[in-house]
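Enquirer: Below is the structure I would like to discuss, written out as structure tokens.
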């Protein structure tokens with residue numbers, strides 16, 4: 001068995017890298033960060049950082065080269081955002097060892113035809129889909145072939161689809177849920193089951209990811225079914241590191257939506273050293289993490305209801321994360337920040353998140 005390497009320096013690249021940078025700091029790793037925002041708490045957690053305008057190869061290449069030359073880094077972890085730039089992962093894999101799923105695995109899972117064909121082969125249920133325009137009715141959603149966070153998903157109606165790279169999926173009522181899991185290519189460990197929710201930012205952006213909490217009312221029978229699906233999926237795709245599976249809980253039925261083959265937002269709901277687990281599992285080691293969670297944790301993205309400019313010397317309330325600097329303007333519909341809070345009882349968690357969001361936006 002290969003020796004597992006825990007690197008002194010690790011390169012982290014994501015559209016927003018705060019979550020992973022903080023996880024690296026907690027694990028006593030020195031992180032070098034490339035992302036789109038350079039938020040205050042990202043900078044404070046990183047050894048060094050660089051803000052780029054996109055995750056395209058032409059934006060990443062010079063910065064990655066500089067970090068390699070300056071710090072002699074050999075390993076990297078990627079987060080959200082590469083759904084739009086899969087070629088960038090291929091470029092990075094030629095220069096660094098990627099800790100997580102390979103670019104090939106990532107791309108194949110993002111290929112919806114390949115993904116849903118795999119679900120058919122593994123006898124895993126999902127809402128009906130089609131790749132040619134269906135008869136319009138209120139029951140179809142139109143979804144981009146590549147995307148993240150619900151961007152571009154909308155109800156399908158006549159003349160409502162101006163995009164070309166899309167597919168259609170039957171709308172399934174139920175509780176939007178996910179399961180965070182760790183895999184080493186052939187084994188899987190569930191970290192936790194979660195409830196997530198969306199918000200409508202406009203008529204064309206009606207299903208934008210808004211928040212998640214580590215609580216969902218799901219039976220042991222349903223949990224065991226999900227775990228059996230995960231084991232099939234891990235073996236089929238050779239999944240490694242932290243991943244999440246999104247699904248709809250509809251009464252006694254379960255329907256898979258997608259796999260996020262990278263660390264997801266739900267990672268920050270758990271106290272276990274998940275980044276270290278991700279690093280070890282990505283190198284094939286079986287990691288038996290102890291996840292003894294007391295109470296419940298919720299995460300809420302705060303979107304700007306109108307243009308918001310962060311005032312000078314603004315004091316961020318407790319629990320706020322992803323903090324833009326003073327003078328930064330967040331345009332209508334863009335994230336202002338996020339909020340993380342904990343409660344002993346799950347039912348009061350959502351209320352507290354919404355109250356904190358309301359009070360925060362009053363301060364601008």
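The values are calculated or read from the model by the stated rules, or taken from the named source; none is laboratory data. Note that the coordinates shown come from a computational prediction; the quantities given were computed from them, not determined experimentally. No Cβ is skipped: glycine too gets one built from the backbone with ideal geometry, and neighbour counts run over all protein chains shown.
Enquirer: Can you tell me how many residues in the stretch 269-279 are buried (at least 21 other Cβ atoms within 10 Å of the Cβ) and either more than 20 Å from residue 350 (Cβ to Cβ) or out of contact with any strand residue (DSSP E or B) (no Cβ under 6 Å at 6 or more places or on another chain) (or both)? Reasoning before the result, please.
Expert: In the first step, residues of the stretch 269-279 are kept if they are buried (at least 21 other Cβ atoms within 10 Å of the Cβ); the result is 269, 274-275, 277-279.
Checking which are either more than 20 Å from residue 350 (Cβ to Cβ) or out of contact with any strand residue (DSSP E or B) (no Cβ under 6 Å at 6 or more places or on another chain) (or both) leaves us with 274-275, 277-279.
Going through the stretch 269-279 one residue at a time, the tally reaches 5.
Enquirer: Let me ask something additional. Can you work out which of the residues in the stretch 46-63 that are assigned to a helix (DSSP H, G or I) and touching a strand residue (DSSP E or B) at 6+ places or on another chain (Cβ under 7 Å) is nearest to residue 83 (Cα to Cα)? Before the answer, list the steps.
Expert: Residues of the stretch 46-63 that are assigned to a helix (DSSP H, G or I), as a first pass: 57-63.
So of that shortlist, the ones also touching a strand residue (DSSP E or B) at 6+ places or on another chain (Cβ under 7 Å) come out as 60, 63.
Details: 60: 15, 63: 20 Å.
Top of the filtered list is 60.
Conditions (1) loosely packed, with under 12 Cβ neighbours inside 10 Å; (2) closer than 15 Å to residue 40 by Cβ, marked per residue:
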| site | (1), (2) |
| --- | --- |
| 299 | no, no |
| 310 | no, yes |
| 316 | no, yes |
| 323 | no, yes |
| 341 | no, no |
| 359 | yes, no |
| 364 | no, no |
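This table checks each residue for (1) assigned to a helix (DSSP H, G or I); (2) at pLDDT below 95; (3) under 20 Å from residue 276 (Cα atoms); (4) in contact with a strand residue (DSSP E or B) (Cβ under 6 Å, 6 or more places away or on another chain).
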| site | (1), (2), (3), (4) |
| --- | --- |
| 1 | no, yes, yes, no |
| 6 | no, yes, yes, no |
| 12 | no, no, yes, yes |
| 23 | yes, no, yes, no |
| 38 | no, no, no, yes |
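Enquirer: List the number of the failed condition for residue 7; all other conditions in (1) under 20 Å from the mean Cα position of the chain (by Cα); (2) touching a residue at least 40 places away in the same chain (Cβ under 8 Å) hold.
Expert: (1)
Enquirer: Sort out which residues of the stretch 325-338 are touching a residue at least 40 places away in the same chain (Cβ under 8 Å) and over 20 Å from the mean Cα position of the chain (by Cα), and write them in order of number.
Expert: 325
Enquirer: Determine whether residue 84 is modelled with pLDDT under 95 and either over 26 Å from residue 284 (Cα atoms) or out of contact with any helix residue (DSSP H, G or I) (no Cβ under 6 Å at 6 or more places or on another chain) (or both).
Expert: Values: modelled with pLDDT under 95: yes; either over 26 Å from residue 284 (Cα atoms) or out of contact with any helix residue (DSSP H, G or I) (no Cβ under 6 Å at 6 or more places or on another chain) (or both): yes.
For residue 84, the condition - modelled with pLDDT under 95 and either over 26 Å from residue 284 (Cα atoms) or out of contact with any helix residue (DSSP H, G or I) (no Cβ under 6 Å at 6 or more places or on another chain) (or both) - is met.
Enquirer: Ok, one more. Condition test on residue 43, is it free of Cβ contacts under 8 Å to residues at least 12 places away in the same chain and closer than 22 Å to residue 301 by Cβ?
Expert: Details: free of Cβ contacts under 8 Å to residues at least 12 places away in the same chain: yes; closer than 22 Å to residue 301 by Cβ: yes.
Criteria met by residue 43.
Enquirer: Quick check on my filter: what residues within the stretch 271-283 are assigned to a loop (DSSP other than H, G, I, E, B) and at pLDDT 95 or above? Lay out the reasoning, then the answer.
Expert: In the first step, residues of the stretch 271-283 are kept if they are assigned to a loop (DSSP other than H, G, I, E, B); the result is 271-273, 283.
Selection gives 283 alone.
Enquirer: What's the number of the condition residue 25 fails, among (1) at positive phi; (2) touching a helix residue (DSSP H, G or I) at 6+ places or on another chain (Cβ under 6 Å)?
Expert: Against the list (1) at positive phi; (2) touching a helix residue (DSSP H, G or I) at 6+ places or on another chain (Cβ under 6 Å), residue 25 comes up short only on (1).
Enquirer: Testing residue 297 on (1) closer than 16 Å to residue 358 by Cα; (2) assigned to a strand (DSSP E or B), one condition comes back false. Which one is that?
Expert: Status for residue 297: all satisfied but (1).
Enquirer: Working carefully through the options 211, 238, find the one that is touching a helix residue (DSSP H, G or I) at 6+ places or on another chain (Cβ under 9 Å) and surrounded by fewer than 18 Cβ atoms within 10 Å (Cβ to Cβ).
Expert: Working: 211 fails: surrounded by fewer than 18 Cβ atoms within 10 Å (Cβ to Cβ).
Answer to the check: 238.
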